[in-house]
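Data block below; observations after.
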Amino acid sequence: MGIGVYIEKTNLVFVYKIKYTEHINKEKELKTMKNTTQELLGFIATCTSPYHTVATSRKLLTDNGFAELKQADSWHLAPGGKYFTTVYDSTLLAFRIGAKASTGLKIAAAHTDFPCFRIKPQAGILTEGYGTLNVEGYGGMIVSTWLDRPLPMAGKIVLKGKEPFSPKVQLVDFKRPLFSMPNLAIHMNREVNEGYKWNKQKDVLPLAAMFDRKSKDKEFFAEFLAKELKCKKEDILSYELSTYPVETGCTFGLDNEFISSPRLDNITSVKACLDGIIASKAKAGLQIAAIFDNEEVGSKTKQGAGSNVLSQLLERIYGILGKEREDVLRELATGFMLSVDVAHALHPNYAEKCDPTNKPLMNSGLVLKQAASQSYAGDAEAVGVVAGLCEEKKIPYQMYVNRSDIAGGSTLGSIASALVPIRTMDIGVPMLAMHSARETMGAKDQEALTALLCAFFAK
């Protein structure tokens, strides 16, 4: 009887220890997830335009020992060095050179831009005393999600300099609400809930100011900028200013299992790429984190993934290191690139929109994206490499393909790898409401994405 009691108590203690260990592990997991989420949301909050994404990335890299190289300067590179360079202020390329003279090329690419409304030149419009602004859509946004929101703006303003080829450039972020795009009342548009085709030249002109009904001052926006910058209106030559939602990101859900935030597409990927290359301890090869502008409008710009930016970077680095062209081609033949962009999660209200056999869920890991059309980059071996890496590091992952009767989207991966022929795989976190003013993802998935990027650069 006594022995039986003793064994029973031991078992109870054993069970208690298991449960206590599980509790501790769960607490650690939740703490890590919370820290990762807060870091991500803090990063996104500062990335209010492609220029600000690069500026924030520059600070992060500099704080972690990366040296900045100017495109117009002569470069002096050393084995074991950590560097970055920017291209027209909205694209950034960070790279590490292995201390050992050996091969191995790894690239992780993402993009800095996001769908938004950009303010046109000579933007002021007066209508019976109301001051609205002339805007145009950038990228394929869900228009209705931008209405009735308080909107700041951020971007770049160009001022007169000492001479025409050296204008003064100023980065600006007006963090307070400046505009709103008011909906038409349902009493005047009874069909709004039955499907409405938004006219971007009429329906979304942001309300910015109120004047006397007889006012004819169409320069009110330029005057506002001049006042804010403490300069003469005549000194403002041009600008590139984007609207963005004033509300910052947050978690939600009964257990805070979701993230709601603007610009999850694609700042989640930018953050993971930078975290991966910063954490890298690899002693050999060349590692690059490339974050390009203009993905949302096709990438075919001087600072986009459809330019020669990446190929020129490789040519420049390998040339300085004394490599011949044949050496570069050999590196490309054995190298690997991750194209990192967001993916579609199964939507609980529209489950039928998902492929019948590949149904990514939020909080179930990162996504490997495939398409027979090659709108997503990747082949069987590329899938195998990334899946194998995830298996090795116990990183949760899922597969995504479009329904065969839905075209789906595309990424910079296929574009960049066509210009720089290197084996490439498209990956990203699963999310809902892609290209909304505010998007949704799982709180666990950024940790999985970062873990993969760290493992990728560590090899």
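The values are calculated or read from the model by the stated rules, or taken from the named source; none is laboratory data. Keep in mind that what you see is a predicted model, and the values were worked out from it rather than measured. As a convention, Cβ positions derive from the backbone with ideal geometry for all residues, glycine included, and neighbour counts pool all protein chains shown.
From the set of residues in the range 82-117 that are part of a loop (DSSP other than H, G, I, E, B) and at pLDDT below 95, which is farthest from residue 135 (Cα to Cα)? Spell out the reasoning first.
Filtering the range 82-117 for residues part of a loop (DSSP other than H, G, I, E, B) gives 88-90, 98-99, 112-115.
Subset that is at pLDDT below 95: 98-99.
On the way: 98: 47, 99: 50 Å.
Filtering first and then ranking leaves 99.
Would you please name the residue that is farthest from residue 412 (Cα to Cα), looking only at residues in the range 364-374 that are more than 18 Å from the chain's Cα centre (by Cα) and surrounded by 18 or more Cβ atoms within 10 Å (Cβ to Cβ)? Walk me through it before giving the result.
Here is the first cut: in the range 364-374, the residues more than 18 Å from the chain's Cα centre (by Cα) are 364, 370-374.
Imposing the further condition that a residue be surrounded by 18 or more Cβ atoms within 10 Å (Cβ to Cβ) reduces the set to 364, 370-371.
Working: 364: 24, 370: 14, 371: 14 Å.
For the range 364-374, the residue satisfying everything is 364.
Could you please find all residues in the range 363-385 being touching an Asp or Glu at 6+ places or on another chain (Cβ under 7 Å) and within 20 Å of residue 110 (Cα to Cα)?
Step one: list which residues in the range 363-385 are touching an Asp or Glu at 6+ places or on another chain (Cβ under 7 Å), which gives 363, 365-366, 369, 376-378.
Once the filter is applied, which keeps residues that are touching an Asp or Glu at 6+ places or on another chain (Cβ under 7 Å) and within 20 Å of residue 110 (Cα to Cα), the range 363-385 yields 365, 366, 369, 376, 377, 378.
Residues of the range 280-297 being exposed (fewer than 15 other Cβ atoms within 10 Å of the Cβ) and touching a helix residue (DSSP H, G or I) at 6+ places or on another chain (Cβ under 8 Å), which ones?
The one that is exposed (fewer than 15 other Cβ atoms within 10 Å of the Cβ) and touching a helix residue (DSSP H, G or I) at 6+ places or on another chain (Cβ under 8 Å): 281.
If we scan the range 351-360, do we find a residue that is under 21 Å from the mean Cα position of the chain (by Cα) and of a type in the set (S, T, N, Q)? Can you show your working first?
Within the range 351-360, the first condition is being under 21 Å from the mean Cα position of the chain (by Cα), and the residues that meet it are 360.
Those still in the list that are of a type in the set (S, T, N, Q) too: none.
No, the range 351-360 has no match at all.
Quick one: is residue 371 part of a helix (DSSP H, G or I) and among the hydrophobic types (A, V, I, L, M, F, W, C)?
Numbers: part of a helix (DSSP H, G or I): no; among the hydrophobic types (A, V, I, L, M, F, W, C): yes.
So residue 371 does not fit the description; no.
Could you please let me know if residue 393 is under 23 Å from residue 96 (Cβ atoms), modelled with pLDDT of 95 or more and in the same structural domain as residue 83 (by TED's automatic domain parsing)?
Working: under 23 Å from residue 96 (Cβ atoms): yes; modelled with pLDDT of 95 or more: yes; in the same structural domain as residue 83 (by TED's automatic domain parsing): yes.
Taking the combined requirement at face value, the residue satisfies it.
Going through the range 50-78 one residue at a time, which ones are in contact with a helix residue (DSSP H, G or I) (Cβ under 9 Å, 6 or more places away or on another chain), touching a residue at least 60 places away in the same chain (Cβ under 8 Å) and either closer than 23 Å to residue 247 by Cβ or small (Gly, Ala, Ser) (or both)?
Within the range 50-78, 52, 53, 55, 57 meet the criteria.
Does the range 192-201 include one or more residues that are in contact (Cβ under 8 Å) with a residue 60 or more places away in the chain and either of a type outside the set (Gly, Ala, Ser) or within 29 Å of residue 436 (Cβ to Cβ) (or both)?
Within the range 192-201, one or more residues are in contact (Cβ under 8 Å) with a residue 60 or more places away in the chain and either of a type outside the set (Gly, Ala, Ser) or within 29 Å of residue 436 (Cβ to Cβ) (or both).
Any idea which residue in the range 324-363 is surrounded by the fewest Cβ atoms within 10 Å (Cβ to Cβ), counting only those that are in a loop (DSSP other than H, G, I, E, B) and among the β-branched types (Val, Ile, Thr)? Spell out the reasoning first.
The first filter runs over the range 324-363 and keeps only residues in a loop (DSSP other than H, G, I, E, B), leaving 324, 335, 341-342, 345-350, 354-363.
Right, trim to among the β-branched types (Val, Ile, Thr) and you get 342, 357.
Working: 342: 27, 357: 7.
Here the residue is 357.
Is it the case that the range 283-292 has a residue that's in the same structural domain as residue 454 (by TED's automatic domain parsing) and charged (D, E, K, R)?
As a first pass, look at the range 283-292 and keep what is in the same structural domain as residue 454 (by TED's automatic domain parsing): 283-292.
Checking which are charged (D, E, K, R) leaves us with 283.
Yes, because at least one residue in the range 283-292 is in the same structural domain as residue 454 (by TED's automatic domain parsing) and charged (D, E, K, R).
In the range 292-334, what residues are β-branched (Val, Ile, Thr) and on the phi > 0 side of the Ramachandran plot?
Those that are β-branched (Val, Ile, Thr) and on the phi > 0 side of the Ramachandran plot: none in the range 292-334.
Taking the options 2, 65, name whichever one is over 20 Å from residue 442 (Cβ atoms), modelled with pLDDT under 95, of a type in the set (Gly, Ala, Ser) and loosely packed, with under 12 Cβ neighbours inside 10 Å. Please lay out each step first, then the result.
On the way: 65 fails: modelled with pLDDT under 95.
Just a single option satisfies the conditions, and that option is 2.
Can you pull out every residue in the range 417-433 that is among the hydrophobic types (A, V, I, L, M, F, W, C), under 28 Å from residue 257 (Cα atoms) and surrounded by 20 or more Cβ atoms within 10 Å (Cβ to Cβ)?
Residues of the range 417-433 among the hydrophobic types (A, V, I, L, M, F, W, C): 418-420, 422, 425, 427, 429, 431-433.
Subset that is under 28 Å from residue 257 (Cα atoms): 425, 427, 429, 431-433.
Once the filter is applied, which keeps residues that are among the hydrophobic types (A, V, I, L, M, F, W, C), under 28 Å from residue 257 (Cα atoms) and surrounded by 20 or more Cβ atoms within 10 Å (Cβ to Cβ), the range 417-433 yields 425, 427, 429, 431, 432.
Inside the range 171-199, can you point out the residues that are surrounded by 13 or more Cβ atoms within 10 Å (Cβ to Cβ), more than 18 Å from residue 246 (Cβ to Cβ) and at pLDDT 95 or above?
Residue satisfying the conditions is 171 alone.
Does residue 249 qualify as being crowded, with 18+ Cβ neighbours inside 10 Å, outside the structural domain of residue 160 (by TED's automatic domain parsing) and either over 30 Å from residue 44 (Cα atoms) or not hydroxyl-bearing (Ser, Thr, Tyr) (or both)?
Details: crowded, with 18+ Cβ neighbours inside 10 Å: yes; outside the structural domain of residue 160 (by TED's automatic domain parsing): yes; either over 30 Å from residue 44 (Cα atoms) or not hydroxyl-bearing (Ser, Thr, Tyr) (or both): yes.
Here the answer is yes, as residue 249 does meet what is asked.
Quick check on my filter: what residues within the range 184-203 are within 29 Å of the chain's Cα centre (by Cα) and either of a type in the set (A, V, I, L, M) or closer than 30 Å to residue 45 by Cβ (or both)?
Step one: list which residues in the range 184-203 are within 29 Å of the chain's Cα centre (by Cα), which gives 197-201, 203.
The answer is 198, 200, 203.
Do any residues in the range 342-360 that are of a type in the set (S, T, N, Q) have Cβ atoms under 8 Å from those of residues that are outside any strand (DSSP E or B), where the two are at least six apart or on different chains, and which pairs are they?
Once the first residue is of a type in the set (S, T, N, Q) and sits in the range 342-360, its partners that are outside any strand (DSSP E or B) give 358/401.
How many residues does the range 240-291 contain that are touching a residue at least 24 places away in the same chain (Cβ under 8 Å) and part of a strand (DSSP E or B)?
Residues meeting the conditions: 18.
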